[in-house]
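**Q** Below you'll find the structure I mean.
The values are calculated or read from the model by the stated rules, or taken from the named source; none is laboratory data. Note that the coordinates shown come from a computational prediction; the quantities given were computed from them, not determined experimentally. With ideal geometry, Cβ positions are generated from the backbone for all residues, glycine too; neighbour counts draw on all protein chains shown. Heads up: the accessible areas ignore ligands, DNA and RNA and are worked out on the full protein's heavy atoms, side chains in. Shrake-Rupley method; radii C 1.70, N 1.55, O 1.52, S 1.80 Å.
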Amino acid sequence: MSTNGYKVIGSRPIRHDGVDKVTGRAKYGADVQLTGMLYGKVLRSPHPHAKLKGIDTSKAEALPGVKAIATAADLPQIADKIADLGEAVVNLRDSSNNVLAYGKVLYRGHAVAAVAATSRHIAAEALELIQVEYEPLPHVTSVLEAMKDDAPILHEDLKMTEMGEETDKVSNIANHFQHKQGDPEAGFTEADMVIEREFETATVHQGYIEPHNATAEWNEEGHLTLYTSTQGAFSVRDQLVEILQIPVSKVTVVPMEIGGGFGGKISVYLAPVAAVLSRKTGHPVQMTMDRDEVFIGSGPTAASYLKIKMGATNDGRITAATAYMAYEAGAYPGSPVGAGAGCILTPYRIPNVQIDGYDVCVNKPKSNAYRAPGATNAAFGSETVVDELAEALGIDPLEFRIKNGVTEGDRRPDGPEHPRIGCIETTEAAKSSAHYGASLEPSSDGKLRGRGVASGYWFNFNGGRSAISVSVNDDGSINMLEGSTDIGGSRASISMMLAETLGLSAKDINPRVVDTDAIGYTDATGGSRTTFATGYAAHATGKALICEMKKRLAQAWEVSADAIDFKDGLFSYKNDEEKRGTFKELSGKIGGTGGPLVAQISTQPDGSGGGAFATHIVDVEVDPETGKVDILRYTAVQDVGTAIHPSYVEGQLQGGVAQGVGWALNEEYIYNTDGGMTNSSFLDYRMPTSLDLPMIETILVEVPNVSHPYGVRGVGEVPIVPPPAAIANAIYRATGTRMYELPMSPPRLASQMAKNA
Amino acid sequence: MRNLTDGREQIEVDATNIGELVAQLDARFPGFRARLCADNEDRIRPNIAVMIDGRTARKSMGEQVAEASEVHFLPAISGG
């Protein structure tokens with residue numbers, strides 16, 4: 001039983017898919033087995049930048065067991081077209097050229113051709129027989145180098161857009177935009193203390209454990225069925241329709257269980273290729289990436305360069321800030337710099353602000369979304385400068401944040417006003433937490449200890465399309481169909497909202513995530529939207545069922561539907577004891593009133609409600625000999641709106657922190673001078689494991705979202721935003737060394753400490 | 001957008017929906033419509049988000065605006 005006035009919301013029922021997940025019965029993409037299925041493998045470019053002069057597949061085609069080979073010639077040539085795929089805006093020509101290179105390869109690992117064969121081994125052997133003639137070109141893998149006028153150009157037809165206007169300048173800089181309010185220069189003049197710093201962050205990967213996969217079956221009637229691991233089945237359908245130029249009615253996408261996505265499983269990589277191979281062979285074709293391919297051939301998130309300047313008065317009031325943000329888009333335009341620019345200074349009320357964002361192409365895989373895309377890079381810079389300002393002014397870092405924190409009616413740097421949000425409440429909760437109040441004891445073995453804090457913001461997408469379809473069983477239980485991929489326990493949370501609305505228990509709901517033929521259009525699970533938006537649809541569905549139930553009961557009880565009341569889970573007619581009962585009690589007693597009780601609802605919330613704020617506290621211990629950092633204690637405080645299933649909310653916070661710790665301390669794509677990634681395995685790309693982390697404490701601050709019937713606020717993304725800055729600030733407190741580059745890996749930190757010594 | 005409005009951060013117009021608003025802005029600041037809408041298309045470009053009083057416009061040009069509404073044109077953001 002919850003303590004928040006709800007019966008179901010706020011409780012912690014066992015997730016509906018839990019047993020299948022822990023017993024291995026849940027079906028993932030690679031578990032798909034179809035009669036006559038072939039296996040596909042991708043040939044990838046060994047060059048970071050080269051012209052494709054020719055591809056000779058004849059020897060590979062002659063290998064016994066090889067059934068078909070696909071290249072870009074098998075894909076329709078698509079015009080330059082920007083498409084809204086629900087959660088992501090993409091250029092479809094770029095998407096097509098990314099799945100199979102056309103004319104040029106733009107990064108090491110760029111897909112060039114693919115083989116379908118009777119076994120994976122034969123497919124792999126055939127790849128070695130494909131002869132590709134390349135004309136290598138100079139490459140560039142650094143954002144600042146790529147911005148120079150004499151840098152190698154990736155796209156000869158890419159003209160820089162400057163402040164919204166396309167120029168004639170051919171450049172790797174796809175876009176420069178600016179947010180500005182007030183007069184920053186005047187604001188800096190007004191300040192007593194001004195600090196300006198530069199930052200760099202590395203390319204990092206989402207690190208989902210399940211690699212990309214796709215199984216395509218293109219039948220004789222021209223219908224394509226695709227089984228895949230994705231955050232959005234409808235998004236995959238849209239991309240297949242556009243890339244393959246086929247009718248939407250001819251495509252069905254079946255979402256399998258997903259082993260992590262974090263933003264990286266909205267774009268397609270294998271799906272169109274598997275589809276083409278299936279069409280060419282007449283057989284189902286299954287393709288899965290190995291880990292090396294995931295690193296070099298999918299979409300990591302952007303490396304970045306930032307320069308941040310901030311000024312404040314002696315009494316701790318921020319007067320002005322500027323941010324220069326250059327993000328790597330990878331091979332094609334579209335880095336998360338727009339989102340980063342919208343988040344970087346948003347926790348603060350700053351009267352004079354200017355943010356310049358640059359989207360820059362480099363010879364790396366096309367960058368993709370990663371949990372609060374762009375915001376973690378941004379906060380590493382801004383929250384370090386905030387920390388330095390607070391220290392220089394002699395103000396407690398959390399007090400400084402509270403003093404300048406935003407509240408309802410304050411403007412975001414990009415313009416709109418904040419609605420009711422929990423920025424101040426969150427920071428105050430951090431300041432009064434047991435962790436922040438506890439003293440940090442010094443180490444007894446010569447190691448250095450320090451405590452750091454940082455805050456973060458993420459927009460939250462309080463919108464998008466969601467559909468729910470339900471049918472009521474005679475025992476009052478409900479089969480609920482939804483289109484939202486369940487990444488973090490959304491089956492449970494959405495079921496709980498339907499149950500709360502109807503006065504049922506969570507176990508009375510039987511949720512299923514179904515294919516694109518079985519449910520209305522549902523946008524991808526991303527942008528922290530799913531519990532908000534699909535939960536919104538579940539609530540509306542519950543209301544529709546109540547309305548229909550009243551009509552049925554009116555027939556059964558021979559009274560007016562308007563006279564039937566539904567309150568606290570109980571239907572009743574005036575004070576008639578014979579005419580009352582719960583949804584569950586009555587749903588089996590409405591036979592003959594119009595057939596089965598069903599409802600289908602689709603919704604599209606209006607996007608209002610505001611974003612999520614988090615403040616984190618971390619204690620670290622640094623080995624002065626090696627530069628190795630251990631996390632001693634970590635507390636994540638966050639405005640979570642109403643916590644529907646607190647365990648899963650806590651899990652989102654803990655997962656975000658774990659990924660943020662990896663980004664802070666170890667994770668990076670290490671490139672050699674040939675433009676190749678040298679650490680494309682989990683052995684060398686160092687993600688934190690449970691052995692590297694303490695139990696991450698959480699404090700849930702519940703400021704209900706006024707735009708949602710149950711006050712839901714998205715929680716999944718913002719917890720990754722503060723960790724690198726919080727850890728950097730803690731390292732400084734421990735060692736006296738400020739770190740301005742991620743990751744703060746042992747060699748990098750040891751080197752910096754040695755320089756400072 | 002400020003390079004179309006002589007640096008002005010806020011513009012006041014009389015309009016009842018986004019379509020009218022864009023037309024009036026374009027009349028006063030030529031090039032506004034081309035900046036917001038793809039060639040020959042009567043809808044906002046997909047890479048631009050329109051916010052009206054803190055909510056996202058879902059009907060593109062047909063979205064209603066009230067007398068005192070505040071409208072922002074922002075880069076469309078995708079999440080993870």
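**Q** Which one is nearest to the chain's Cα centre (by Cα) among residues in region A:333-349 that are within 14 Å of chain B (Cβ to nearest Cβ) and open to solvent by 10 Å² or more (accessible area, probe 1.4 Å)?
**A** So the residue we want is A:P336.
Residues checked against (1) open to solvent by 10 Å² or more (accessible area, probe 1.4 Å); (2) among the polar types (S, T, N, Q); (3) touching a residue at least 60 places away in the same chain (Cβ under 8 Å):
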position	(1), (2), (3)
A:D445	yes, no, no
A:G450	no, no, yes
A:N462	no, yes, yes
A:S466	no, yes, yes
A:L481	yes, no, no
A:G488	yes, no, yes
A:E500	yes, no, yes
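**Q** Would you be able to say whether some residue in region A:134-143 is within 14 Å of chain B (Cβ to nearest Cβ), in a loop (DSSP other than H, G, I, E, B) and surrounded by 15 or more Cβ atoms within 10 Å (Cβ to Cβ)? Before you say what the answer is, go through the steps one by one.
**A** Going residue by residue through region A:134-143, those that are within 14 Å of chain B (Cβ to nearest Cβ) are none.
No: region A:134-143 contains no residue that is within 14 Å of chain B (Cβ to nearest Cβ), in a loop (DSSP other than H, G, I, E, B) and surrounded by 15 or more Cβ atoms within 10 Å (Cβ to Cβ).
A quick yes/no check of all residues on (1) of a type in the set (G, A, S); (2) within 30 Å of A:G463 (Cα to Cα); (3) within 14 Å of chain B (Cβ to nearest Cβ); (4) not in a strand (DSSP E or B):
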residue	(1), (2), (3), (4)
A:F571	no, no, no, no
A:L586	no, no, no, yes
A:G592	yes, no, no, yes
A:A599	yes, yes, no, no
A:V620	no, no, no, no
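**Q** If you take just the strands (runs of 3 or more DSSP E) that sit entirely in region A:1-86, which of them hold at least 3 residues that are open to solvent by less than 20 Å² (accessible area, probe 1.4 Å) and out of contact with any helix residue (DSSP H, G or I) (no Cβ under 6 Å at 6 or more places or on another chain)?
**A** On the way: elements: A:38-44, A:50-56, A:66-71, A:82-84.
Qualifying strands (runs of 3 or more DSSP E): none found.
**Q** Here's something else I'd like to know. Please work out if A:V253 is among the hydrophobic types (A, V, I, L, M, F, W, C) and without any contact (Cβ under 8 Å) to a residue 24 or more places away in the chain.
**A** Taking the combined requirement at face value, the residue does not satisfy it.
**Q** Among the residues of region A:384-426, how many are assigned to a helix (DSSP H, G or I) and either among the small types (G, A, S) or at positive phi (or both)?
**A** Of the residues in that region, 2 qualify.
**Q** Pairs please, first residue from region A:114-133 and farther than 15 Å from A:A70 by Cα, second anywhere and open to solvent by 60 Å² or more (accessible area, probe 1.4 Å) and outside any loop (DSSP other than H, G, I, E, B), Cβ atoms under 6 Å, 6+ apart in sequence or on different chains.
**A** A:E133/A:K53
**Q** Against the condition more than 14 Å from every other protein chain (Cβ to nearest Cβ) and closer than 23 Å to A:F532 by Cα, how does A:S444 come out, does it pass?
**A** So A:S444 does not fit the description; no.
**Q** Would you be able to say whether some residue in region B:32-41 is among the aliphatic types (A, V, I, L, M), within 14 Å of chain A (Cβ to nearest Cβ), assigned to a helix (DSSP H, G or I) and over 21 Å from B:A66 (Cα atoms)? Write out each step before concluding.
**A** Taking region B:32-41 first, the residues among the aliphatic types (A, V, I, L, M) are B:34, B:36, B:38.
Narrowing the set further to residues that are within 14 Å of chain A (Cβ to nearest Cβ) leaves B:34, B:36, B:38.
Retained after the next criterion (residues that are assigned to a helix (DSSP H, G or I)): B:34, B:36.
Next, only the ones that are over 21 Å from B:A66 (Cα atoms) stay: B:34.
Within region B:32-41 (the criterion being among the aliphatic types (A, V, I, L, M), within 14 Å of chain A (Cβ to nearest Cβ), assigned to a helix (DSSP H, G or I) and over 21 Å from B:A66 (Cα atoms)), the answer is yes, since at least one residue qualifies.
**Q** Would you mention how many residues in region B:54-80 are more than 8 Å from chain A (Cβ to nearest Cβ), within 27 Å of A:V337 (Cα to Cα) and not polar (S, T, N, Q)?
**A** 5
**Q** Any idea which of (1) open to solvent by 40 Å² or more (accessible area, probe 1.4 Å); (2) at the interface with chain A (Cβ under 9 Å from one of its Cβ atoms); (3) modelled with pLDDT of 90 or more is the one B:M51 doesn't satisfy?
**A** Failed condition: (1).
**Q** Is there a residue being buried (at least 24 other Cβ atoms within 10 Å of the Cβ) and not hydrophobic (A, V, I, L, M, F, W, C) anywhere in region A:732-747?
**A** no
**Q** Are any residues in region A:168-185 assigned to a strand (DSSP E or B), open to solvent by 40 Å² or more (accessible area, probe 1.4 Å), of a type outside the set (A, V, I, L, M) and more than 18 Å from A:E328 (Cβ to Cβ), and if so, which ones?
**A** Residues satisfying the conditions are A:D168, A:K169, A:Q178, A:K180.
**Q** Pairs please, first residue from region A:582-610 and among the charged types (D, E, K, R), second anywhere and surrounded by fewer than 21 Cβ atoms within 10 Å (Cβ to Cβ) and in a loop (DSSP other than H, G, I, E, B), Cβ atoms under 6 Å, 6+ apart in sequence or on different chains.
**A** A:K584/A:G476
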